[in-house]
Amino acid sequence: MDNFTLTNKKQTDDDRGIQVDLSKDGLIPRHIAVIMDGNGRWAKSRGNIRLFGHKAGVDSVRDITEACAQLGVEYLTLYAFSTENWGRPMDEVTGLMQLLVQSLRSETKKLNENDIKLLTIGQLERFPESCQRELKEAISLTSGNKRLNLCLALSYSGRWDIIQAVKKLAHQVKEGKIDPDDINDELITSELVTADIPDPDLIIRTSGEFRISNFLLWQLAYSELYITNTYWPDFRRNELYEAIRSYQKRERRYGKTSDQLQRNV
Ligand code: IPE
Ligand code: IPE
Ligand code: MG
């Protein structure tokens, strides 16, 4: 499946060449997670309202999703709405919900044509009924797809995720199903909402903020971070390639020494 149509643009030979080089030069991250930040400032710098920036951000989502699928990335997780974002002015929250519904309606068919499976993590039950319905439908329509898993973090926060996992484990202890001493790394991982998703290899944050903002707190223990000043609506595939190039130059030591890694011990 070579003819991706998410952006309605035919891939140029130059772009394909860059992707081939990237794949030859090093490992393509299996899971990329993105904190898509800076929509509001992007709009403000153009004398426009914040929602204008969120709308423009959808074009970046399309381009980055398409490029990830072409590159063979298996999981792309996009932080689209945090638990804390519920505290924003009501008109912005409502506008974001409408944008989500509109985008699901207009994009689901294209996700299917491109073999992309939609997933979500977060407290979906906090969303309006209409939004939940639209999401469930898009998830079910794309459930058989295999090329790329596109995971939207919606009403998500890392602390919320850890709390709901701890609660489930506490219940299992209470019911005598597990012993408190059984609780380990794997068991906690298995109760997080990301249980079926590998930890991110690369986390990208746009708009120059050096913080995690309650994203995948447990899961990013050993993720490589890439922070760029670019606002999300301006973040397109060429910067994604830069982030991957930066990732490919890193040495992921997981607490070991460089020497140990080279000797493979
Ligand atoms: C990110 O952009 C999108 C969401 C959090 C929904 P922002 O809306 O946070 O934009 P800035 O950071 O205020 O510029
Ligand atoms: C993080 O951006 C959340 C999303 C991108 C969805 P925020 O704009 O909410 O983060 P802070 O407030 O700058 O930390
Ligand atoms: Mg922000």
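The values are calculated or read from the model by the stated rules, or taken from the named source; none is laboratory data. This structure is a prediction, so every number in the text was calculated from the model and none was measured. Neighbour counts run over all protein chains shown; Cβ positions are idealised from the backbone, glycine included. SASA here: full protein model, heavy atoms, side chains in, ligands and nucleic acids out. Shrake-Rupley method; radii C 1.70, N 1.55, O 1.52, S 1.80 Å.
Any idea which of Ile188, Ile203, Ile183, Ile197 is on the phi < 0 side of the Ramachandran plot, surrounded by 14 or more Cβ atoms within 10 Å (Cβ to Cβ), within 16 Å of ligand 3 (Cβ to nearest atom) and of a type in the set (A, V, I, L, M)?
It is Ile203.
For the range 4-46, give me the residue count where each residue is of a type in the set (D, E, K, R), over 17 Å from Gln248 (Cα atoms) and open to solvent by 30 Å² or more (accessible area, probe 1.4 Å).
So the answer is 9.
Kindly check whether there is at least one residue in the range 207-222 that is open to solvent by less than 60 Å² (accessible area, probe 1.4 Å), in a helix (DSSP H, G or I) and not charged (D, E, K, R).
no
Quick one: which of Asp37, Asp14, Asp2 is of a type in the set (Asp, Glu), more than 16 Å from ligand 3 (Cβ to nearest atom) and modelled with pLDDT of 95 or more?
Selected residue: Asp14, the only one of Asp37, Asp14, Asp2 that is of a type in the set (Asp, Glu), more than 16 Å from ligand 3 (Cβ to nearest atom) and modelled with pLDDT of 95 or more.
Going through Lys177, Lys167 one at a time, which residue ends up being farther than 24 Å from Val73 by Cα, among the basic types (Lys, Arg), assigned to a helix (DSSP H, G or I) and open to solvent by 40 Å² or more (accessible area, probe 1.4 Å)?
Selected residue: Lys167, the only one of Lys177, Lys167 that is farther than 24 Å from Val73 by Cα, among the basic types (Lys, Arg), assigned to a helix (DSSP H, G or I) and open to solvent by 40 Å² or more (accessible area, probe 1.4 Å).
May I ask you to list the residues in the range 158-176 that are of a type in the set (Gly, Ala, Ser) and under 26 Å from the mean Cα position of the chain (by Cα)?
Residues satisfying the conditions are Gly158, Ala165.
Go through the residues of the range 11-32 one by one and say whether even a single one is in contact with a strand residue (DSSP E or B) (Cβ under 6 Å, 6 or more places away or on another chain), within 21 Å of Arg236 (Cβ to Cβ) and part of a loop (DSSP other than H, G, I, E, B).
yes
Would you check which residues across the range 190-214 are touching a helix residue (DSSP H, G or I) at 6+ places or on another chain (Cβ under 8 Å) and not β-branched (Val, Ile, Thr) and list them?
Matches in the range 190-214: Glu191, Leu192, Ala195, Asp201, Leu202, Ser207, Ser213, Asn214.
Asn145: surrounded by fewer than 19 Cβ atoms within 10 Å (Cβ to Cβ), at pLDDT 95 or above and not in a helix (DSSP H, G or I), yes or no?
Spelling it out, Asn145 is indeed surrounded by fewer than 19 Cβ atoms within 10 Å (Cβ to Cβ), at pLDDT 95 or above and not in a helix (DSSP H, G or I).
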